[in-house]
Amino acid sequence: MNSNADLLESLRIDRNAAPPPESRKGLWIALAVVAGLLLAVAGWRLLRPGKGVEVRVAEVAAIGGGGASGPAVLDATGYVVARRMATVSAKVTGKVRDVLIEEGQRVEEGQVLANLDPVDADAQRRLSAAQLSAAQSQIAGVAAQLRQSEADAIRLGALVRQQLVSRAQYDQAIAARDALRAQLATAQRNAQVARDALRIADNGIDNTIVRAPFAGVVIAKAAQPGEIVSPLSAGGGFTRTGIGTIVDMASLEVEVDVGEAYIGRVKPDMRTETVLNAYQDWKIPGKVIAIIPTADRGKATVKVRVSLGALGDPRIVPDMGARVSFLEDASPARAQGKPGVLAPSNAIVERNGASVVFVQSGDAVAMRAVQLGRTLGDDREVLSGLSGGDRVVLDPPEALRDGARVTVAREDAADDE
């Protein structure tokens, strides 16, 4: 019995007893294996291709180089307009007899563009000429009577002094002479009125001839022979108000609408560069002519007039669409031929007291120190450190470092957010 009790006592587990040294070593081995696995997974996540910090990027644009003009501080769109453009019409209402112009034709000042039927004007002139002739004939008759009356008055005066005729006869002769003098003055004034009427009748005939008010190019032909034209459109919808439209091509300029928030960047006589929509590679120099001192309440814009330095070129025509870049004077660095770029303000951050940007290169970024210029709206001028076409990270996170791997966020995902 004692042997069985001893046997059972030997099989009892002592829970308070210390574990053997071999069991503690196995625990440390297990912990090391787990830590190694965790490090391997983390390294694989960091180093696997195509993965990294998700960022948004934007491309910077070059804004100028050396020369007399600096970068474009503002772009605006508008249209080519003519300061001298006229729809030419006759001064009187009449039927068109012939039209002597065609679209695209060059005309000189005073050149005849069209003729109206002058029947009524000719009749009025003939009447005025007849009235002038009658007035002149009346002058001749009264003048002859006056000469006779003056001679009679002289003779009677001599006879009165000799007391051969009565004083009453002499007085009658003097009265007749004075009456004829008055009639002659009236006839002369009537003749002058007739001359004025004849001159007006001549103007009436001249008004049936439509002439060019200035030299230019015909851009529209509005009337045909047989139609009625009137400056007042007296015949309603069946009456033309003009013969054609003429544009002085030497007066072409560009009118653009600049937003109120940016009009402060535009100055009088500021240099500009205009690109026509039809000729994208042709840059036309010019300058600001005037800033119209009123704003459009509906569009919140201010109209600016810009000159064109290539006037006379047949490629420039009215109503063409145009894009105008307003240029600022070159800075000293740019005058030495150093180009600048325009970068989003939210791509520039501070690192160790310096302004830096992160430039994307493949699936990594490089940190570059930059020299900043002016603030232009939501952008900053970068004088050095970047080149046109570089892609910079927008809103770079604080943890982003030089050489870090990045993944560019998709545009559609950004839009969904």
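The values are calculated or read from the model by the stated rules, or taken from the named source; none is laboratory data. These figures come from a predicted structure and were not determined experimentally. Ideal geometry is used to build each Cβ from the backbone, glycine not excepted, and the neighbour counts take in all protein chains shown.
Only residues that are of a type outside the set (Gly, Ala, Ser) and outside any strand (DSSP E or B) were counted across region 272-289, and they come to 1. For region 345-355, filtering for residues that are touching a residue at least 24 places away in the same chain (Cβ under 8 Å), surrounded by 16 or more Cβ atoms within 10 Å (Cβ to Cβ) and out of contact with any Leu (no Cβ under 6 Å at 6 or more places or on another chain) leaves 2. Condition (residue is surrounded by fewer than 20 Cβ atoms within 10 Å (Cβ to Cβ), touching a Leu at 6+ places or on another chain (Cβ under 9 Å) and aliphatic (A, V, I, L, M)) applied to region 384-392: is it met by at least one residue? Within region 384-392, none of the residues are surrounded by fewer than 20 Cβ atoms within 10 Å (Cβ to Cβ), touching a Leu at 6+ places or on another chain (Cβ under 9 Å) and aliphatic (A, V, I, L, M). Among the residues of region 292-309, those identified as in contact with a helix residue (DSSP H, G or I) (Cβ under 7 Å, 6 or more places away or on another chain) and assigned to a strand (DSSP E or B) are 295, 301, 302.
Candidates are the residues of region 315-336 that are more than 19 Å from the chain's Cα centre (by Cα) and surrounded by fewer than 17 Cβ atoms within 10 Å (Cβ to Cβ); the one that is modelled with the highest pLDDT is 329.
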